[in-house]
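Participant: The structure follows.
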């Protein structure tokens, strides 16, 4: 304790260490609130090995401009009304534009009784950046 009280520089070093630790832990804490997220490669494995259903939460215009093959269009605004149409016996991979809106949807679907719901890291942009194809893209 003397280390902290005798010198203001020591207190500053401790404060920097605590803030740095919190900044490192923040992304992991954010993921646990809305559920887990998966990389594009992990999503492909889930689709191929476990018949996961991809749910595109973007608006119809963005979906029409380009989406992951076999993805179901379910705009975020319609989630509560149409959640019952989603299968409960398969994992759900939620996709939005950049990966921000899907965490809210994942929490909502879990509250509605869907057990295995994950979000796609980086959303559709992350999928494209990983070099994976999309369909329906207008020329």
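Participant: Of the peptides 65-75, 89-99, how do they stack up when ordered by the mean number of other Cβ atoms within 10 Å, highest first?
Facilitator: In descending order of packing, they fall as 89-99, 65-75.
Participant: If you don't mind, another one. Taking the alpha-carbon set of the stretch 35-129, what are its Rg and Dmax in Å?
Facilitator: 11.7, 32
Participant: Can you give the three extents of the C-alpha atoms in the stretch 69-117 along their principal axes, from longest to shortest, in whole Å?
Facilitator: Projected onto its principal axes, the Cα set of the stretch 69-117 covers 26, 23, 19 Å.
Participant: Related question: What is the extension gain from residue 24 to residue 125, computed as 0.36 nm multiplied by their sequence separation minus the C-alpha to C-alpha distance, in nm to one decimal?
Facilitator: Result: 34.0 nm gained on full extension.
Participant: Here's a follow-up. Once you put a point 7 Å from the Cα of residue 39 and another 7 Å from the Cα of residue 78, both along the Cβ direction, what distance in nm separates them?
Facilitator: Result for the modelled spin labels: 3.3 nm.
We did not get these values from a lab; they are worked out from the coordinates using the rules stated. Computed from a predicted model, the values in this text were never measured in an experiment. All Cβ positions, even for glycine, are placed from backbone atoms using ideal geometry, and neighbour counts span all protein chains on display.
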